[in-house]
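Okay, structure first, notes after.
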Amino acid sequence: MKSIYRCVKCGKYVEEPYHCDCKAQLLLDGRRREMLSKLISGILRHYPWEVGLVLDDEGWVDIDELVSAIKNRWRNKKLYQWIDKEHIIALAILDPKGRFEVNNNKIRARYGHSIAVRIRYREEEDVKLLYHGTSTKNLRSIFKLGVKPMKRLWVHMTLDKEEACRNAQRHSGKPIVLTIDADCLRKKGLKVYKASNIIYLVKYVPVECINDVDKCEV
């Protein structure tokens, strides 16, 4: 991931080392940014109890509490003694997938949960084609049962085929991308929701709504 800087003139968080015609201050190098992003994603989506946190019904938690929990309760806390509130806010603001949402002094994951949360997503009624990354080893089950959320609350899709391929590469087996007919989902009474600028959600994808299967160029 790219490093994050803070502009010394306007205070904006940016991914370029120069802003407002001057050198910006390094806040998070790429290695630490990726490390922190993965940890916060895991805590807010899957295992808040591992650091002694309790999320509210909509997935929110106090940012100061999150910082303290990581520094004092996380099993690898010695690796994260450098973090503070600003690191988490900057990470959330600049996340390329819109994984996080900040409201006042609270933060939550926008999508990807395996724990029960109630987030009010905006229904998307115009998008036509969406893409879902998976692997060849899942195809037999998919063409028998459709695409299910499995351990998560929703099936995740994207507008970007290349992004779907990147997601597919996290699975074991050969990565592939399914092209999904969003109008078909709606006709079957399955609402499509927009979770971020590139991520869309649905409860289930029936086999009939899968238009195509493409191999990913690895």
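The values are calculated or read from the model by the stated rules, or taken from the named source; none is laboratory data. Predicted, not measured: the structure shown is a model, and the values here were computed from it. Every residue, glycine as well, gets a Cβ built from its backbone with ideal geometry; the counts of neighbours run over all protein chains shown. To get the accessible areas, we keep the full protein, side chains included, count just its heavy atoms, and leave off ligands, DNA and RNA. Shrake-Rupley method; radii C 1.70, N 1.55, O 1.52, S 1.80 Å.
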With a 22 Å threshold on alpha-carbon distance, the violating pairs from Lys71/Lys97; Lys148/Lys215; Lys9/Lys106 are Lys71/Lys97; Lys9/Lys106
Candidates for semi-axes √(5λ) of the Cα gyration tensor in Å are (i) 36, 19, 13; (ii) 29, 19, 17; (iii) 33, 20, 17, and the calculated one carries label (iii)
Gain in span if fully extended, Met150 to Asp214, counting 0.36 nm per residue against the direct Cα distance
20.9 nm
Could you tell me what percent of the accessible area of region 1-82 is made up of carbon and sulfur, with a 1.4 Å probe and every protein chain present?
47 percent
Using only Cα atoms and rounding to the nearest 10 degrees, what angle (0 to 90) does helix 30-45 make with the longest principal axis of the chain?
60 degrees
FRET efficiency for Val127 and Arg166, Cβ-Cβ distance as r, R0 = 25 Å, nearest 0.05?
0.80
Calculate what fraction, in whole %, of the accessible area of region 153-218 sits on carbon and sulfur atoms when a 1.4 Å probe is rolled over the protein chains.
48 percent
Please report the spacing between the Cα centers of region 1-61 and region 134-151 in Å, no decimals.
33 Å
By the gyration tensor of its Cα atoms, with a ≥ b ≥ c the square roots of the eigenvalues, what is the shape of region 39-105: rounded for a/c under 1.5, prolate for a/b over b/c, or oblate?
oblate
Which value, in Å², gives the accessible area per residue of the chain when a 1.4 Å probe is used on the protein heavy atoms?
55 Å²
Show which aspartates and glutamates lie in cross-link reach of Lys2 when reach means a straight Cα distance below 16 angstrom and same-chain residues fewer than eight apart are skipped.
Glu15, Glu16, Asp29, Glu34, Asp95
As I understand it, the value is the acute angle between the Cα axis of helix 63-73 and the longest principal axis of the Cα atoms of the chain; what does it come to in degrees, rounded to 10?
80 degrees
